[in-house]
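What follows is a single structure, written as structure tokens, with notes after it.
Computed from the coordinates by the stated procedures, all read-outs in this text should not be read as laboratory data. Fair warning: this is a prediction, and the values are worked out from it, not measured in the lab. Cβ atoms come from the backbone with ideal geometry, glycine included; neighbour counts cover every protein chain shown.
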Amino acid sequence: MDARFALIRAHDSIRRYQRLLNTQLTDLEREYIESRISEERSTMQSVREARGEISFLPANGGA
């Protein structure tokens, strides 16, 4: 998978998960979604670093 596609996929996933956080969820569901967002942000950061794009995302992902 090329880096550009990985960034697009991760960004889309984060947006989808953030929309889900605005719905009624159990604590377990919310915890799972928050962990997935964290994993996707980590993926984005890793891809950017591998491409030489050193950038630090704010803890809330800029949301």
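What list of ³J(HN,Hα) values in whole Hz, one per residue of the range 45-50 in order, does the Karplus curve 6.51 cos²θ - 1.76 cosθ + 1.60 (θ = phi - 60°) give from phi, with Gly and Pro shown as x?
Result, rounded to whole Hz: 5, 4, 5, 4, 5, 5.
What is the packing order of peptides 41-47, 26-32, 2-8, 12-18, taking the mean over residues of other C-beta atoms within 10 Å and listing the highest first?
41-47, 12-18, 2-8, 26-32
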